[in-house]
Each structure stands twice: as structure tokens, then as C-alpha cells.
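Data block below; observations after.
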Amino acid sequence: MNSYTLETSYRGAQLKLVLDTNGTAKLSINGMLRDETIVRTGQSALTLSSSVQTDYEWHELIEAHVQIHNHLIAAQLLSNNVEVAREEFSFESPNPEK
């Protein structure tokens, strides 16, 4: 099983998105699982989200957007619609055509 991880520190909060080849996507904030979903076969986009207190009395909406196309995963983490991290991952098809 392979996994792809995008993580960053933002305003004192540790944001982490993990995509596993077993078909799960998980959003963790400060080490706590905040949202999780199963990636369905043929699904090309998904969003995970959670609100978080990042500074004293400052709350933000954290979102993870994932686009899956051919052999490329584009992942980004956003805070109140502002991108705070982005990465693209290449992967091999689990069932290569012969």
C-alpha cells in the first residue's frame, strides 16, 4: 500500500492530508483526524473540511481539495479559501493495461 501526504504548518496548526492507495483520504489537524472519506472508483475530485482555531479566538475553515486525473493526483490545502499548500503526485495504475 502506498500513501501520498501533503502537510504544512499554518498559524500554529499542523495540517495534514493523507491519500492511501487503499482508497481513503484523511484530513488531520494537530494530529487529530478531522475528516475522512472513501475515494470511489472513477471519482475525479473530492473535498474534506473542518473548522479549526488557529490563533487566540481565530477560527478558520480548513479544506483539502483533491483532483485525480489519469496518473496524477493534485492536492491542495486551503484556509478560508486561501491556498496554504499544494503538491502533485504521480502514481502507477493499480491495474495496468496489457
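Points to keep in mind about this one:
- A straight chain from Gln43 to Tyr56 at 0.36 nm per residue would run longer than the Cα-Cα distance by 0.9 nm.
- For the chain, the fraction of 1.4 Å probe accessible surface lying on carbon and sulfur atoms is 45 percent.
- Remark: accessible surface ordering of His71, His59, His65 (largest first) is His59, His71, His65, probe radius 1.4 Å.
- Solvent exposure of the stretch 42-81 as accessible area per residue, Å², 1.4 Å probe: 56 Å²
The values are calculated or read from the model by the stated rules, or taken from the named source; none is laboratory data. No experiment lies behind these values; they were computed from the predicted model shown. Ligands, DNA and RNA are excluded from the accessible area calculation, which covers all protein heavy atoms including side chains. Shrake-Rupley method; radii C 1.70, N 1.55, O 1.52, S 1.80 Å.
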